[in-house]
Every structure is written in C-alpha cells, then in structure tokens.
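Here is the structure we will look at.
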Ligand code: ADP
C-alpha cells in the first residue's frame with residue numbers, strides 16, 4: 001500500500017508536467033486566438049464599413065442623374081412630341097461624358113431605346129427592346145429602378161438606374177443610366193483583400209476575386225434561374241455555386257469557400273437588397289495561434305526541464321545529506337552498542353562481584369553462625385551430659401522416682417538445641433528461584449507461622465491487618481518469606497529491652513501495587529545505620545549475632561520482583577519497613593462488603 005502511495009507520489013509530478021505541457025499551450029492558444037479574433041473582428045468591421053462606403057459613393061454618385069434628366073424639357077419633348085433625335089443623342093452623349101457613366105439612354109413606353117449616349121458606337125443601344133429589364137418595368141410603374149446585370153450588346157456588367165419621364169402626370173417614357181463598377185472592383189483587387197457583394201438571390205455581383213463573379217453562395221432554384229434568364233441578367237453557365245460552408249470559431253463567424261477558411265463579416269446595403277461581405281483569410285490567425293502554442297510549449301518544456309534539473313540537484317543534495325546523517329547515526333549506534341555492551345559487561349561483573357560478596361557474606365555468616373551454634377549447643381550438650389550422668393547415678397542407686405525431673409530437664413535442653421538448628425535451617429534455606437503467581441497474604445501468613453514461636457518466646461504482640469481478598473504477585477514466595485522473616489527478626493532483635501514489644505503488619509492494595517508495612521515499637525534505627533541501611537555488612541548487632549547482610553539481600557530480592565523496600569523511623573517510636581510490590585491480579589469477590 002505504502003509502496004503504491006510512494007510510487008504515486010513520485011509519478012504525480014511527471015503526470016502534472018505532462019498535463020501542463022499539453023494544457024498550457026492549449027490555453028495560450030485559445031486565449032491568443034480569441035484575442036486575435038477580437039482584433040480581426042474590429043479590423044474587418046472597419047474594412048467592411050470602408051468598402052461599403054466606396055460602393056455606396058460609386059452608386060449614389062449617379063443615383064440622381066436619371067431623375068434630373070427626366071425633368072428636362074428636351075427629353076419630355078422628345079418622348080411626348082417626337083423631337084430632334086440627333087440633338088437628343090448628342091445631348092445624352094455630352095451628359096454621359098460629364099457624368100462619367102457608361103451610358104445614358106431613353107426608352108419609350110414599349111421599352112424600345114429611342115436615344116442613347118452611345119449612338120455613335122457599334123454597340124449602340126438604339127433600337128434595342130429592353131422591356132424585359134426590371135428597371136424599365138419599375139420605372140413604368142412609376143418608381144425609380146435599380147438593377148444589376150450584364151449588358152445585352154457587349155455583355156459588360158453594369159448597374160442600371162432608371163426613372164420615369166412624366167408629362168402632365170402621364171408616364172411617356174423612361175431615362176436610364178448604366179454605371180460600370182469594374183473600376184471599383186479593380187481597386188478592391190489591388191487592395192489584395194477578399195470582398196464581395198451578393199444580390200438578393202445570393203449571386204455574387206461584385207468581387208475582388210474575379211473567379212467568384214456570378215458564382216452563387218448556394219445553389220439556385222429553377223425558378224430563380226428562369227427569372228434571371230428572362231431578365232438577361234447574368235451569363236447562365238457561370239451561375240455555379242461556390243463550395244461554401246458556414247460555421248463559428250470561438251463564437252466568431254467563419255466560412256469555408258473552396259476549402260479556404262475565412263473569418264466572415266457582412267452587412268446589408270440599405271435600399272439595395274444587396275449584402276457586402278468581407279472575408280479574412282484565417283491562415284495568419286492559425287499561424288499566430290500555432291506559433292504562440294509552440295512557443296508556450298517550448299517555454300513550459302524548458303520550465304519543466306529547469307524544475308526537474310533543480311529538483312534533481314536538490315534531491316541529490318538531500319540524498320547526500322541523508323547519507324551523511326545515516327552514516328552519523330550508524331556510527332552513533334555503533335558507539336551506543338559498544339557502550340551498551342560495556343555497560344552490560346560492567347553490570348555482569350558487578351553482579352558477579354555482588355554475588356560473590358553475598359556468597360562470601362553467606363559463608364561468613366554461616367561461619368559465624370556455626371560458631372554461634374557451637375556456642376549455643378555446647379552449653380546444653382554439657383548440661384545434658386551432666387544430667388545423663390546423674391540419671392545413671394540415680395539408676396545405679398535405684399532412685400527411679402527422682403529420674404523424672406532430670407529427664408524433663410534433658411528434654412528441655414533437647415528442645416533448646418532443636419530451636420537452634422531450626423533457626424540455622426531457616427537461614428540457609430535456598431529458594432527455588434522459580435517465579436510463580438502467589439497470594440501475598442499466604443507469604444505473610446507462612447512467614448508469621450515460622451516466627452510464631454519466636455513471638456511467643458519474646459512475648460511480642462502481633463497486630464495483623466490484611467485484605468480479605470487475595471492479592472496476587474509474581475515471584476518466588478520462599479524468597480519473599482525470607483525477606484519478611486528478616487524484617488520480623490530485626491524488629492524482635494531491636495525490641496529486646498522494650499517493655500511491651502508489638503509488631504504490626506499491615507497489608508494494603510492500591511493502583512496495581514501492594515504494600516506490606518512492618519512496624520515495631522523498639523528504639524528505632526540508629527542515625528548512622530539509617531544512612532546505609534541497605535548496604536551489606538552494615539550492622540549494629542554484636543559480633544557473632546548479625547552480619548549486616550539481611551537488608552541488603554532483602555533489597556536485592558524485592559528489586560528482582562520489580563518492587564521496592566524502604567525503612568524509616570516512625571514519628572511515635574520504633575521503626576517501620578515498607579515493601580511495595582506490583583500486583584498482577586486480585587480477586588475482590590470473596591471480600592466482605
Ligand atoms: P543484621 O540484622 O545482621 O544486622 P540487617 O541488614 O538485617 O543485618 O540489619 C542491619 C541493621 O539495621 C541492623 O543491625 C540494625 O541496626 C538495623 N535495623 C534493622 N531493622 C531494625 C529495626 N526494626 N529497628 C532498629 N534497627 C533496625
């Protein structure tokens with residue numbers, strides 16, 4: 001699990017780096033593209049407005065010419081009374097030259113051209129029947145006509161404007177002007193931009209791209225085709241649809257024409273039913289976008305590489321530091337292990353020395369005790385011998401009735417000797433050294449049983465206070481009894497001259513520990529002895545009586561059991577010793593409430 005977490009943590013920066021190398025250029029590309037699109041939109045708005053203005057001015061320049069001419073008397077006369085046609089033609093020719101239009105001509109009410117500015121040319125309109133042209137029909141209906149189409153004579157495209165001629169409110173004919181917009185288109189082409197004008201049917205009538213001229217933005221219906229044909233408006237074979245498709249790019253209009261992508265901006269020309277469209281090739285946009293994306297890709301890549309390099313370096317530095325630290329820790333550990341080894345050895349040596357001391361102490365104590373025992377036994381043995389000799393004498397004399405008291409004395413002496421050997425046995429008793437769980441109360445009771453006789457002999461009162469439930473501890477109960485017996489023995493010894501000797505034993509249980517307090521009402525512990533109470537060979541007893549080993553051995557036994565032993569003088573009188581031992585278990589179920 002941890003391995004996976006670690007490997008995931010290690011893999012994370014790599015994934016992040018990879019993602020940022022993809023995402024950052026993408027975001028940059030989008031932002032740049034959107035920003036650039038906004039710029040282009042603004043530019044295209046301006047350009048479109050400009051193109052519209054040039055177109056409008058080209059158209060409006062001649063818009064009033066037919067109207068003005070329709071007001072002239074010469075034209076009215078010609079149409080109502082049939083005036084001088086040659087004069088009329090000359091008038092139109094000079095008017096056309098002044099106006100810089102393609103042609104000016106007059107049609108009668110049947111749509112036949114009766115006078116024209118180009119009367120002298122081969123392509124003269126005179127005599128042509130133009131009744132099918134919409135601008136003628138519009139004018140005959142009393143409105144100003146506007147129409148874009150190719151000319152019948154030379155096939156030159158042009159914009160036709162017409163106006164009815166009225167005499168006494170009656171329409172007597174029509175004045176028409178043809179304007180050629182090719183100069184405008186040339187101008188657009190020279191500008192190198194893509195702009196076109198489409199009529200209401202979607203036929204491109206003006207374009208900066210000659211190949212698009214008369215092409216349609218969408219396929220034309222048969223009906224519209226027929227109408228165009230009837231009006232002789234455009235050369236039919238050219239009316240093919242461009243492969244155009246509209247869509248949006250980040251919310252901006254775009255169009256694809258013949259696989260070329262353009263940003264598109266268009267607006268309708270008021271009063272004309274035309275729409276002018278300005279197209280911007282998207283190549284620079286994509287070049288710029290891709291350029292920025294590539295640049296940011298390279299920059300992000302460089303940043304990641306730099307970061308990796310820096311991280312690698314700091315990682316290496318960290319590893320070096322860690323290696324140094326580890327080495328330091330290793331050498332410290334080694335040193336520590338050596339020290340521990342040293343301490344263990346010292347402790348072992350100390351323990352050995354202590355055991356040797358204890359052993360020596362025991363042997364010495366045994367030696368002393370042997371002397372004491374010999375001394376103790378010598379007297380009763382000698383006395384016994386004397387009594388036995390007197391018993392023999394009594395037997396020889398036949399004084400059998402006097403035997404009884406002497407034999408009783410011998411028996412008393414034997415008891416005394418048995419007591420001495422008993423003490424010796426209890427002192428040298430060896431422990432099994434086995435740790436078992438036992439009830440502390442049992443240890444106290446057993447040690448008291450062993451001491452009972454001594455208590456009686458020395459007239460000592462015992463005050464016992466123990467819990468009513470078992471308190472279990474772990475250890476060697478024989479050794480604990482040895483400690484208790486030693487405490488009782490010391491207390492009895494100290495109260496040799498006490499009038500009413502009392503030994504109190506109190507056992508308590510609290511917070512996982514048991515305490516045994518042994519108190520007496522003797523003279524208390526001597527000040528000097530008190531300072532070194534648990535040191536070996538510290539004794540106030542007469543030579544041959546005490547070795548000063550009891551408490552030091554007791555101390556060792558209690559410590560081995562994980563407990564503690566303390567001794568002090570009581571406030572009232574006498575001394576008290578407190579044993580503290582860890583409790584492993586207790587059972588209060590048998591206790592009285
Ligand atoms: P020993 O009994 O052989 O002297 P211990 O180590 O048992 O050795 O005791 C050391 C000394 O501590 C005793 O000689 C005595 O002076 C003092 N001592 C021990 N218990 C008592 C006591 N209950 N009252 C007064 N002194 C005591």
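What the table shows:
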read-out	value
Region 517-534, subset at pLDDT below 95 and in contact with a helix residue (DSSP H, G or I) (Cβ under 8 Å, 6 or more places away or on another chain), residue farthest from the ligand (Cβ to nearest atom)	534
Boolean, residue 496 is more than 10 Å from the ligand (Cβ to nearest atom), under 16 Å from residue 448 (Cβ atoms), modelled with pLDDT of 90 or more and loosely packed, with under 15 Cβ neighbours inside 10 Å	no
So residue 537, is it within 14 Å of residue 484 (Cα to Cα) and more than 60 Å from the chain's Cα centre (by Cα)	no
Odd one out for residue 514 among (1) within 26 Å of residue 571 (Cβ to Cβ); (2) within 14 Å of the ligand (Cβ to nearest atom)	(2)
Residues satisfying the stated conditions in region 211-223, i.e. part of a helix (DSSP H, G or I) and either touching a strand residue (DSSP E or B) at 6+ places or on another chain (Cβ under 9 Å) or modelled with pLDDT of 90 or more (or both)	212, 223
Residue within region 473-493 that is away from the ligand (no atom under 11 Å from the Cβ) and at positive phi present	yes
First in region 17-36 and more than 12 Å from residue 304 (Cα to Cα), second anywhere and loosely packed, with under 13 Cβ neighbours inside 10 Å, Cβ under 8 Å, 6 or more apart	30/250; 33/250; 34/250
Count - residues of region 205-223 that are under 25 Å from residue 59 (Cα atoms) and surrounded by 14 or more Cβ atoms within 10 Å (Cβ to Cβ)	11
Failed item in (1) buried (at least 17 other Cβ atoms within 10 Å of the Cβ); (2) within 60 Å of the chain's Cα centre (by Cα), with residue 574 passing the rest	(2)
Condition met for residue 20 (touching a strand residue (DSSP E or B) at 6+ places or on another chain (Cβ under 8 Å), at pLDDT below 90 and part of a helix (DSSP H, G or I))	no
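The values are calculated or read from the model by the stated rules, or taken from the named source; none is laboratory data. These figures come from a predicted structure and were not determined experimentally. In this analysis, Cβ positions are derived from the backbone assuming ideal geometry, glycine residues included, and neighbour counts consider all displayed protein chains.
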